[in-house]
Structure formats: structure tokens, C-alpha cells
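Structure record follows, encoded as C-alpha cells.
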Amino acid sequence: MKKLFLFILLTCNLTNAQDFSDSWEGLFSFTTIVDIEESATSVYAASENAVFIYDLSSRTFTTLTTINGLSGDEISQIHYSEDKSLLVIGYENGLLQIVDQDGEVIDVVAIKDKQVIPPDNKRINEFKESGDLIYIATDFGIAIYNLSRLEFDDTYFIGDNGAQIEISSIEIYQDFLYAATSSSGVRRASITDPFLIDFMNWSQINGSLFSEVTSFNSQLFGLSLSRQVFQLGTANFQPTATTINAVAIDAHTSDVFFTVATPNAIQVFDTNFVEILSLTSLGGFNYNFTQAISLGNDLFIGTEENGMIRVNIQDQTDFEFIVADGPTRNKAFSITASPDELWVAYGDHDELYNPFPLERLGVSHLVGEEGWTNFEAADVLNIASISTITINPDNSDEVYLNSMHDGLLEFADGLATTLYGINNSTLESILPPATDFVRISNSVFDNQGNLWSLANKVDNALNRRTPSGQWTSFDVSEEVASIAIDQGITRIVANNNGTIFFGTIANGLVGFDPATNQFANLIDDVGLGNLVNSYVTTLRLDLSGQLWIGSNQGLRVLFNPNSMFSENPSDARSIIIEDTNGIPRELLADEAVTDIEIDGNNNKWIATASSGAFLFSPSGRETLFQFTTDNSPLPTNSVNDIAIDESTGKIYFATDKGIVAFQGERSSKPQDDLENVRAFPNPVRPGFDGNVTIDGLTDRARVKITDIEGNLVYEAVSQGGSIPWDTRSFSGNKVASGVYFLFISTSDNIETTVSKLMIVR
């Protein structure tokens, strides 16, 4: 059986991961560091599912994400082979990815795909390189991979009677391979033994449970789960007088330092194993540590929430945070876009709109080429569970944070100004007279500048704030039964007539006409709304005024939303399409719809809880694309939210594993004229490898690009308000440095404009 498994493992093929950098952008967080490695020139820091490379001389960053071909899964360990110029990435699920010096990513799925290894036993715990081989400590045993041939060699199952056993750490010392197990002490075997695949050739030399085993200064040390430091004697590990502060997370050695990372301290020992540093705080603040390595006189420390920190071993006042630009965390619950800006909220709630356990995580803000600004909890008055963000469409500096615990926070020009709650608005608490427990799930501006907010689990759930600051509340209890007890309100939209529509978790769709103070309600019964069910997860009005209604089991469209208030309201309808076999079926039947967005061409972008994201035609009858982890850089098929920047056509996808953005040619809103045509970036500077975006276009505008001598190098017709150009000519080669002219005309040739673009290579 052992030989059969080995054969299967060895015959697994490699696959090249797909690079999406031409049309996608990764917006991942790098604040949670799981592992750090070094090379002669750089430090490699692995976050949850991405890697950043910090060049020590230039102090610049390179990032590796799903955009470059990483899987998006949880990383557990990394290793850099100086000899082979390869970065090896190990994952919780057993996947290996190898990144060469040109950035090409190779997937090694032999461990990940093996059914004979239980899914919970595939974690990669540690790497140890020796010659062409890299020994891999896993939760099932030891796997050996040949870095020269890019294929597996042997696999060692060294538990009792050849059973699978968790190996937490490995080391090669004096021709022996040592393995620290989670349950059976330390085992070893001669590295020269050609039959290490036979468990009988492995011996247990110590019964203590070690988290780390590593060599330092020509000695072999083990760190036990009892915090004791052991040293290898003649044939066994013996306890020393040294203890560490807590169970070691990681140990790293250099020629002069032995570094131990525990959750609350970093300890550094010299070659005599004398402690020279115990670091528990920096600058008066404590951190949750994950990793630490020494390079010269510097420590590079990984943290759970603050990225990587460099600190001088001799002078701890000399420290700096080193982290690639990104949001606070990967777990993005909702996102909101405005021209060239993106806001991210992290405070989630369950399907019954219960926000507990509360989290105070702040918000993140991305502004074009300026990058990210992360606002901590203190910056937003420590309000909890910020689940959605609303931007004033007439003033993008006026932002409202919707808290599912503390009310509505006005956030203007990057500063918290006013927190609206029971004392200064009509918003109510679910536990009066308490000032907290004001649960605002969502809000929206109407075309008169009024801000409409949804308060959960109170009768007066619908609240309006006028531009002058006057508040009014509206009792919705007749339409939403038992709302103050156990009903939640989900999302809200306003049409061009000022009519308000909002969803509920058990009472379907509710409409409110402010002009008549009339409420209306649609549910899942035929003749009473024909919704999929009464749990409405999301709503969106398209450019034709039709209301698209998402539920946890599918989709409906209300073609005439204002008919809700008539004597004979229209039922919502399903979209019927034909599958690949020509059989009619309902669009997105049984899919949990998490968000619906409408682009400038009235196309529908729909996020789902388990099937990725979809792009549909304006009618919904044509599936233009389905984005999944298999064909896109989405890190997961569970998409929480979508946001569209209408000025650029960029589509943002929010997931629990990070944010990615797609530069859609067809998604930006077409303009009425060519008054505001622009190309960006302009100039294109050396090193830029993305697309130039030409926006401000009318629909079906013709764009011709010529060099200064008038030679045509590129031509395209817009499908929306913008087009991308990869700065390549018709031949497929990058154009040279110089000035390029953009000749743009409307589809009827009535209006034309000319613009210039500078390219510097």
C-alpha cells in the first residue's frame, strides 16, 4: 500500500498557474504575516493568501497574489531557495506553488488532490532544503520534492506501524533527518539510508513533544511544548536550563543569533545561548507576534494585524513598519465605490442580521494612485460592526458609516463628525433607553439629497434626514410583521421619482411613496408579488427603472416597481434562459444572491454566495461571463459584494479572502458628449506595465491612436464610456517612447476631439 501511494504521488503532473495581470488588480491585505524568509537581497513575507517581497536596497515592494497566479488559499509556510532562485509556497490544504525568478507560478497538486490523505492532514508545516531536495514537514508525514526536476521523490510515513503522523518541524544534522512530531516525540533516521520509506528505519530518540527542532552553532536544539529548551547530547535530547516565554510558534537561526517567536514575545540568543533580547513591545505598544528572523543586526518580525516590523537588535528604538500597501484586512464584508475611490467595511452580521460577536475594525479607503488609508476603530469613534458605507453622490467627501450596533456615523473629509443615534435623530435603539443597539443595516440618498436609513428590529425602521438636517421616522410595522421582535431589514434603494424600496428577511419587498405616505408589500405568493421567497438579500434599480431583486434562493425582476402602489400590482418575474442542452430554466435558480450592480451599459453584475460572480446582458437572458476561481483571480467563489466605479469602468469584487478588481471595457457609463475625454496614466512612466484607460467616451465612440508621424498604431470602438489600451501596436509589440495622438469621434461623426498621450519607456 505504501508503494502504491508513492507511485500515485510521483505521477502527478505540474500545471502552470494563470497570470491575470493584464486586466485584473489585486487589492489584498498584507497585515497578517504567517511566515518570513530571506534571500541575499530581499525579505519575503507571506500574508494569509499573498506574498510581498521587500527589496532591502531599494526599499521597494513586489507583490504576489491571485493576479499573478497564487491560489488564494491559506498559506502556511514559505521557503526561498537561494541556490535555485525559487520561492516555494506551502498551503493549509497541501498545495505547493513554486515561483521562479521570472514570476512564473507552477502548481504542484499531488498532496492537495490525494484522496488517501484526509483533508485535515495535508497542511504544510516546514521546509528544509538539502542539495536538490526540499524536505517537507506535513500533517501526515514527510514529503520530499526535487527542486531541479520539479517532481516528488519519496514520502515517509513514520508513525507507529507506518501510520500517518503530524510532523511539526524537521532538521538535517550530522547525516540524520530529525522530525518533531505532535504526539510521539522526536524521531530520526540516517539521511543516507536508501530505505527511509520503511518506518522501521526510524527511531524515537526523545519522548518530549517539540514544536521546533533546529541546528545552531554546530549544535541541535529542540523547543518543547513545556517551553523547555533541549540540546542533543550523544544520542538523545537533554533539557537545558533555558526556558522560553511561551510555546514557540517559530524558530529561526543565523550565524550569530537564535531567534524564537512566541505570541507575545520575541527572544534572541547568542552563540553561547545567552538571551540578549526579550522583546514584548515596541514604541509602548504590544503586538501579537507570528514570526521573527534575524538579518545582520536587524530583526524582521511578523505580526497578526500590523504587518512586518524591522527593529534593530541593539537599539529597539530604531524600528519601522514594513508592509505592502493594502486594506486593513482581507475579510471585506461590503464595498462602495465613487469616482476613483473605494471604501471597505468589515463589520459583518449573520443571516438574521445579528451583529454579535461585535468587532470594531474601522474602515479602509482607496484613492486612485494615492493608495490606501486605513482608519482604525479610534478614528471612527469606536463604533462596532460597520456593515455598509453610503456615499453622497453629489459630494464624495461626505460618507456615512452604517453600524449594526451604534447608529449612523457621518464621516466627512476623512474625519468622524457626527454620530446619529437616539439623542440627535429619530433613530431608535432596540433596547431603549440604551444609546447603543441602534442597528443601521443600510442607507441611500434619493435624488433630492435626502438620506434614508434602515433601522433594524424597531417599528419606526425607515428614517429620513433632509439636506437641512431634519429627521423624520416612519412606522413600518403594519407591513413588516413583528419587526421589533425578530425581523431584519436588508437593503434599500430609491428610484428617480423618490420612491423607496427595501428588503426584509421574512416579509419580502416593501415599497414606500413619500408623496402619499403609502406603503406596499410584495411577498412570494403568485398574485401578491411572486418573489422567490420572502428573504430579500439585495436590491438594485437598473437604467430602465426595473427593480432587480435578489434572494437567498434566486432572482426576480419587477418591471414596473411603481405598480406596487396600484390596486392591481404587478408580480415580479423570473428570467427564463436555455441551458446548454436547450432546456428552459430559471436564471440563478437556488443561488444565494449577495449583491446586484448595474454598469453604464445596463449590464447586470451579480454576486453569489457559492458560484462566484456573473455578468449578464441588460435583459439577463444572455450570460456574458461567469467569474470563478477557475477562470479568474477570485480567491474564493463566495463573493460578498460588488462595486462599480462608473468613471473608469473598474469592477471590484469583495470576498472574505480579499478584494480583486476587473478593468471592464464595457462597464463604465457612456457620456453624452466628448467634453471630458482623458487618458490615464498620462504620462506613462518607465516600469508601468498596465493598461492605459481612455474614458469620458460616448457609446460606440471610435478611438484612433497614431504616432507623431501619423502612423495608425491602434484602433477601437467603445462599448461603454471607456476603453483600455495595453500600449501595444497592431503587431503586438509595445510602442516606443514618444507622443501619441488620440483621435476620437462619436458614432455619428458629429463630434470629434483630439488628445495627446506621452509614453516614456
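Read-outs throughout are calculated quantities, based only on the coordinates presented, and are distinct from any laboratory measurement. Since the structure is predicted, the reported quantities are computational estimates derived from the model, not experimental observations. Cβ placement follows ideal geometry from the backbone for every residue including glycine, while neighbour counts extend to all protein chains displayed.
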Enumerate the residues in the range 161-194 having an amide nitrogen under 16 Å from the point lying 7 Å beyond the Cα of Asn121 toward its Cβ. 161-168, 181-184
List, in order, the whole-Hz ³J(HN,Hα) value for each residue of the range 521-537 obtained from phi through the Karplus relation with A = 6.51, B = -1.76, C = 1.60 and θ = phi - 60°; use x for Gly and Pro. 9, 10, 10, 8, 7, 5, x, 10, x, 6, 5, 4, 7, 8, 9, 8, 8
What nm distance separates the two modelled labels at Ile523 and Leu14, each placed 7 Å from Cα along Cα→Cβ? 6.2 nm
Nearest 0.05, what FRET efficiency do Ser190 and Asn288 give at R0 = 45 Å with Cβ-Cβ as r? 0.65
All lysines inside 30 Å of Lys122 as judged from Cα atoms, apart from same-chain residues fewer than 8 positions distant: Lys2, Lys3, Lys84, Lys112, Lys114, Lys331, Lys657
What order do you get for Ser441, Ser737 when you list them from fewest to most C-beta neighbours inside 10 Å? Ser737, Ser441
Extend 7 Å from the Cα of Ser396 along its Cα-to-C-beta direction; within the range 720-734, residues with backbone N under 19 Å of that point are 721-724
Whichever lysines have a C-alpha closer than 28 Å to that of Lys756, once near sequence neighbours (fewer than 8 apart) are set aside: Lys650, Lys669, Lys704, Lys734
Residue by residue through the range 159-168, the couplings from Karplus 6.51 cos²θ - 1.76 cosθ + 1.60 with θ = phi - 60°, in Hz, x for Gly and Pro, are x, 4, 6, x, 6, 5, 8, 6, 10, 7
How much length, in nm to one decimal, is gained on full extension between Asp350 and Arg149, taken as 0.36 nm per residue of separation minus their Cα-Cα distance? 67.5 nm
Just to verify a number: FRET efficiency for Asn676 and Glu369, C-beta to C-beta distance, R0 = 30 Å, to 0.05? 0.95
Taking a crude spin-label model, label points 7 Å out from Cα along the C-beta direction, the Ala241 to Gln448 distance in nm is 8.3 nm
Please compute the length gained on full extension between Asp270 and Asp707, using 0.36 nm multiplied by the number of residues separating them and subtracting their Cα-Cα distance. 151.0 nm
If I stretch the segment between Asp160 and Thr280 completely, what's the gain in nm (0.36 nm per residue apart, minus their alpha carbon distance), one decimal? 39.2 nm
Residue-wise HN-Hα coupling along the range 377-388, computed from phi with Karplus coefficients 6.51, -1.76, 1.60 (Hz; x: Gly, Pro): 4, 4, 6, 10, 6, 6, 6, 9, 6, 6, 9, 9
Obtain the nm distance between the two label points defined at Ala378 and Ser203 by a simple spin-label model: each point lies 7 Å from its Cα along the Cα-to-C-beta direction. 5.8 nm
Taking R0 as 35 Å, what FRET efficiency do you get between Arg227 and Ser130 from their Cβ-Cβ distance, rounded to the nearest 0.05? 0.75
